[in-house]
1. Which of the residues spanning the stretch 235-278 are surrounded by fewer than 18 Cβ atoms within 10 Å (Cβ to Cβ) and farther than 29 Å from Tyr345 by Cβ?
2. hydroxyl-bearing (Ser, Thr, Tyr) and at pLDDT below 85: is that true of Ser448 in this structure?
3. Evaluate the following for Ala203: is it of a type in the set (A, V, I, L, M), in contact with a helix residue (DSSP H, G or I) (Cβ under 8 Å, 6 or more places away or on another chain) and surrounded by 11 or more Cβ atoms within 10 Å (Cβ to Cβ)?
4. I'd like the full set of residues that are acidic (Asp, Glu) and either touching a residue at least 60 places away in the same chain (Cβ under 8 Å) or not in a strand (DSSP E or B) (or both), limited to the stretch 160-211.
5. Of the numbered conditions (1) at pLDDT 95 or above; (2) of a type in the set (Gly, Ala, Ser); (3) in a loop (DSSP other than H, G, I, E, B), Ser475 satisfies every one except a single condition; which is it?
6. Looking only at residues that are among the small types (Gly, Ala, Ser) and modelled with pLDDT of 85 or more in the stretch 150-175, which one is farthest from the chain's Cα centre (by Cα)?
7. Name the residues in the stretch 229-251 that are under 18 Å from Cys332 (Cα atoms) and among the small types (Gly, Ala, Ser), would you?
8. Only one of (1) modelled with pLDDT of 85 or more; (2) closer than 30 Å to Tyr614 by Cβ is not met by Asn70, so which one is it?
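The values are calculated or read from the model by the stated rules, or taken from the named source; none is laboratory data. Everything numeric in this text was worked out from a predicted model, so none of it was measured. Positions of Cβ are backbone-derived with ideal geometry, glycine not excepted, and every protein chain shown enters the neighbour counts.
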Amino acid sequence: MNGIFLEEFKKAGVDVSGIEQKIEKPNYEKDNVAIAPFNFINIRENNKPIVALYKKQDKEQNKKENNEKNNSDVKLDVFDKKLFTGEIEITLKSKTPFIVGDSTKDKKDPSKVCFFSVKNEIPQVSGSSFRGMVRNIFEIVSFSKFNNINNHRFYFRNVADGAKSPIGIAYDEVAAKLVPKKDNNGNEIIKNGKPEMKKVSKAHMGYLKCNGFRDYVIYPANYEYKHDKSDKELKNNAHKIMGKAFDFDVYSGYMNSKKTYYHIAEYKEDKSPIKLDYQRDVLPYKLDYENAQTSSQRKNYSSKTKSEEDITTINLFERLEEKRFKECGVPCFYIQAKDTNGNDYVFFGNTKFIRVPYFYTTLDCVDGVYKKDDKYDLTEFVFGKEGEFATRVFFEDLKLKNQEELQNKDDLKAYLDENIYTKEETTEPLLAPKPTAFNLYLANNEPSKILTYNGDANVKAKLKGFKMYHHKNLSNDLKEAMLDPNKDEKAMKNVLKSFKAVKSGVEFVGKIRFLNLKKEELGALLYSLNVDDKSVYKLGGAKPLGFGSVELKSTLKLFDIDKKYSDLFANDYFKKYENNSSDSKIKELVKHFKDITLKSIKENSKGFNDIKSYDDFERIKELKAMLDFKNTSLPNWDLNTKYMVVNFDKNSKNTDIKFDRKLILPSPRELKDHFLCTREQLEARHDECLNSKKDKNKAKGK
């Protein structure tokens, strides 16, 4: 819906004055609202955890039920007549161009992405990619656990955010302290009867040393700041350690107008060595260094020459291998800290203002109920659980609808280029997810109190939930996704990708086979494939740029096990007992799934006894909002679903919004209500107007 259609509503007598105001460019900073091409399906309702879980059965109980009722939780070795076995025929149609990459091809040219194919460059949708998409929706609709995430501990440093920003406050709590200012004679400066204070780093210097396998310690050392080098010397010596044991000059990274370097001498005799915990202190540093190798913004480097003093690696553990550090250890900066639970940490690096990790990992920011291992969820039952039981759903690769006809085409490549693929283009950078943007990824509801991964003394940081990408109305010419010609392509070569995508309107077909599913399990699978009539899904790569919107159609076929295996050698064996299931049967299965899920939620989650219907849950409403492709026709949609920029040019005429850690990301429905003219608003007002006219005409006897 856009401004063009408002005239039609005006003519129909609909009041659109309030809606017209929403078409104006939003004031993001005033409303403390962030924007992004993605959003989250919240795993909580009214800030309460919500999950549907099912009891585990012990071996004796399973054995008893196998003998008496024949309905144990997971069966893989026999066909159970009381359970459902069959297949779902899938037709996938691209709504926008999409790309499912093949990592095995073009390794010589990592900037080029090829569509997954098995033979002759005929594109296929890999079963694993399709499975991943369906599983994600399945987890959401079945209110399953939220523990299938990468467990990261992120490092951070406050450089330009300001002391009062969320990250500035978090960094100062760990890495800074206030001390009295002093004059040139060493006396405290008094102002208004009180000492004038200044902020200084808590970092000290010492030697990092390895005394054995995973046995690392830091010996506190004597050190002093130095100022007797020229700007040129400081620049040339960046990241170097000059000198010999117990007489080192240590240079951190160079910045404009830098004046200081450090001299470190012998161990402090009155200080005991500080023992490092490998899992808590050492491993996060190593992982952060590895992650930095793929970061376009913060790449570590290593330049090794004949002279050990010219080695400029900033990985302290690589430096430990140098001969001159074998005896004494490698000079480093370190900070000792405690988290909100009183646990001890040691952070270390090679500059006074070191990067420090958040105390808590991503998995620490998930409620305990989502990580319970004493019960199963429907996702585990259906898709399998490692070490316990295998999957009961099997996803085929989806093939082009007319693939058999193409196999022997003489002009196959020309046909594919003309009818299936878009032109090969270099797109805008395909950015990696940045969960370090805590204001977007964490459940922050108050702009005045943004939490980082450390949370605070009273509130624990919590991840929002399942990440999904907004739809964009990307056409086959890819103009909206192509690299801006004003950008320096050479300077961006490490982050650019080029590929041919499958055009919109192309159909793929395949099957999902399933074995021994319970009624609610099959209902959940069917519902995941068709949440509602407006549902359009996201598949493949480059989703932030608008790629990957696909429509699904499914046909259920159930097997009659008795007939199927009593007539094994019939000529029409494979067709005879694959019965199409009616819409009423599918609705029955889906309804049963919803009823069972609602019951389980009330048994496992507190505060939801008043909910009357499965569809009343906010999670389901948010999911439907994210899957609705018609959002793309709303005014300001592209403006509201793009990345914010970090390096903001105030003189630029574009509409880019500056990234700010004090802005919070609205929910999918809040986004539409806050800034957008929603289709539902217009339709509701239009219906009210029509009903009002009918009542008036009826009163007049027309």
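1. Of everything in the stretch 235-278, those that are surrounded by fewer than 18 Cβ atoms within 10 Å (Cβ to Cβ) and farther than 29 Å from Tyr345 by Cβ turn out to be Lys235, Asn236, Met242, Gly243, Lys244, Asp247, Asn256, Ser257, Lys259.
2. Yes; evaluated as a whole, the condition is true for this residue.
3. Criteria met by Ala203.
4. Once the filter is applied, which keeps residues that are acidic (Asp, Glu) and either touching a residue at least 60 places away in the same chain (Cβ under 8 Å) or not in a strand (DSSP E or B) (or both), the stretch 160-211 yields Asp161, Asp172, Glu173, Asp183, Glu196.
5. (1)
6. Ranking the qualifying residues of the stretch 150-175, first place goes to Ala175.
7. Ala238, Gly243, Ala245
8. (1)
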